[in-house]
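Engineer: Have a look at the structure that comes next, please.
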């Protein structure tokens with residue numbers, strides 16, 4: 001494209017008008033307006049025309065980059081003319097920005113004020129002074145965007161994964177499945193044994209019945225034999241008599257003493273008595289043996305019935321747990337556990353309550369989970385799993401003393417590597433590294449394949465600065481489990497800190513390969529790719545992310561926000577909007593998505609939409625200071641000054657030390673000619689920050705308006721003490737002194753302030 005062609009110039013101007021407006025809006029946002037937005041656009045157009053005239057395409061630079069510099073430069077020049085900001089202040093700002101960039105590259109984080117002061121070889125107060133000049137430019141690193149103050153999180157803190165759920169949480173789910181599977185297998189085995197026992201008992205009962213029948217048969221035979229023996233005895237007795245006395249003699253003998261009738265009666269009575277006695281003996285034998293058999297059979301039947309009922313109970317528990325709908329699972333399991341017939345089956349009831357606790361824990365209803373785990377323990381004090389699960393809950397709630405208490409109770413009942421890991425991680429969170437290391441080592445001793453123990457040791461070594469040992473333990477974990485994403489994450493963090501970018505990226509990419517839902521890997525890679533100018537990789541990473549679902553994942557909302565800000569920063573507004581809309585869809589109770597969309601519409605000067613989304617962000621988070629402030633800026637731009645004032649007042653209510661909100665209120669009141677109120681707000685700004693030159697300048701203008709020139713000069717002099725190179729203000733003071741009839745010596749004394757390097761000391765934190 002020729003840069004001398006008139007038609008082309010017109011096309012270029014038309015093409016880059018949006019860029020001019022955008023730069024103007026960015027300069028205006030959050031700043032007091034000494035100059036109107038329309039004027040800034042006009043100055044920007046001058047800069048654009050200058051850029052078109054001077055641009056040389058052979059230099060190998062993009063016209064958009066060159067034009068941005070010229071446009072912004074022209075605007076800044078005009079702002080400098082309209083506002084009391086000197087070239088010296090801008091030079092300080094340039095050095096300050098250079099220091100920030102250098103320290104960010106060195107530290108891989110945002111430097112603190114003490115580090116900046118040391119780098120520039122100036123005092124902390126002087127650094128604070130320089131930061132006050134940042135009124136129209138805002139260069140934000142990705143780290144600052146991703147982990148801003150309201151997120152209360154830094155990349156370094158995240159990558160270490162200290163505050164994420166303990167590694168044993170995922171293992172716990174696996175263990176629960178294993179326990180349930182084992183119980184089901186046990187139930188199957190018990191059912192098998194039950195069938196075998198029933199068949200055995202049937203066989204025994206048949207034998208007992210057979211034996212009883214034999215006894216009865218034998219006793220009946222004994223009865224018959226007894227009767228026969230009695231008659232035989234009687235016959236023998238008769239034969240003996242006959243032998244002695246002869247038949248006649250016997251008859252004579254018998255009838256001599258008894259008549260025939262009496263003899264027959266006696267014989268009948270003897271027979272009857274013998275038969276009765278025999279029956280009694282038989283009955284006694286039958287009763288004795290039969291009752292014994294009956295009691296034994298009753299006991300065996302009772303045991304069979306109890307075993308059968310308990311197995312039915314376990315089967316009902318298992319059936320209830322097989323329901324895929326958690327609510328139905330809870331309902332059915334509770335119904336089974338409340339049946340009276342199962343009242344005395346304590347072990348099985350404890351197992352049922354344990355499973356109810358697990359269901360509620362999976363639903364994150366920890367209160368209910370705790371309730372049922374405790375009920376399981378009340379029934380069966382040896383329920384080690386219930387103690388362990390209570391430990392995991394209290395650990396997740398950061399109630400570490402309780403967590404340790406329950407982990408220790410579990411350790412008294414079972415020797416389990418994950419119980420010891422729970423103890424180690426709890427002590428680790430308490431900062432008791434010696435105790436933590438002891439339990440991590442015991443974890444590995446119990447189970448040399450436990451990767452969590454190695455990862456725990458790795459984190460401790462990292463914290464102690466023993467990087468070599470830390471890497472060794474992480475690599476050991478990976479050797480055991482090549483898909484250990486935690487180990488890859490933590491290795492990535494170490495290499496990141498050691499400025500080994502290649503290895504850091506390699507390990508984070510491996511972690512993400514293992515788990516596409518790894519939010520920490522996404523966040524770290526976004527930062528690493530951008531810092532190393534691998535913009536295309538960030539976009540590829542985004543395409544990979546949209547194929548998965550981060551809904552409900554820890555830090556998932558931050559991933560969407562990070563991508564949204566990435567695209568917003570590069571003017572890829574459609575992608576940015578999509579990220580924020582997805583954030584809203586999956587995290588409707590977070591204000592970040594609404595705030596992000598609002599900021600886009602604000603940049604586009606679509607104030608109606610911006611206001612709507614800022615209000616939604618505030619509705620979700622009434623303490624959203626930034627949303628109130630942004631609304632105030634919009635209302636101020638739209639000349640809705642009373643609404644703007646209410647927003648700034650709300651900002652102050654949330655943050656009483658927000659000096660910018662106080663300043664903006666003072667500026668609005670000054671515009672409304674409410675000078676006394678404006679004075680109060682400016683004085684409040686100075687109370688918070690004695691180096692706020694804008695407030696001194698505003699007070700100077702107000703007292704000038706009130707024809708109190710000496711007081712106005714006093715405040716202008718304070719501005720000059722902060723900015724000794726402010727020539728414009730020096731000339732104003734000189735004119736004021738001339739109007740007051742001051743001598744040339746007095747005026748020169750004032751002008752000597754130019755070389756006075758003293759700065760008002762700020763004893764308050766900004």
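Engineer: Taking N as the number of residues in segment 488-637, what value does Rg over Cα atoms divided by 2.2 N^0.38 Å take? Intermediate results must be reported in sequence, preceding the final value.
Structural biologist: Details: Rg = 16.7 Å, N = 150, 2.2 N^0.38 = 14.8 Å.
In units of the globular-protein estimate, segment 488-637 measures up at 1.13.
Engineer: Just how far, in whole angstrom, is segment 41-78 from segment 434-458 if you go by their alpha carbon centroids?
Structural biologist: Distance between centres, Cα-based: 61 Å.
Engineer: If you take the Cα Rg of segment 326-381 and divide it by 2.2 N^0.38 Å, with N the number of residues, what do you get?
Structural biologist: Numbers: Rg = 10.7 Å, N = 56, 2.2 N^0.38 = 10.2 Å.
Normalised by 2.2 N^0.38 Å, the Cα Rg of segment 326-381 equals 1.06.
Engineer: Same structure, new question: According to the Cα gyration tensor, what semi-axes, each the square root of 5 times an eigenvalue, does the equivalent ellipsoid of segment 646-698 have, listed from largest to smallest in whole Å? Spell out each step's value before the answer.
Structural biologist: Numbers: eigenvalues 48, 41, 11 Å².
Over the Cα atoms of segment 646-698, the ellipsoid semi-axes are 16, 14, 7 Å.
Engineer: Tell me, how many Å apart are the Cα centres for segment 368-428 and for segment 561-633?
Structural biologist: Value for the Cα centre distance between the two parts: 43 Å.
Coordinate-derived values only; no laboratory data. Worth saying up front: this structure is predicted, and the values here are computed from it rather than measured.
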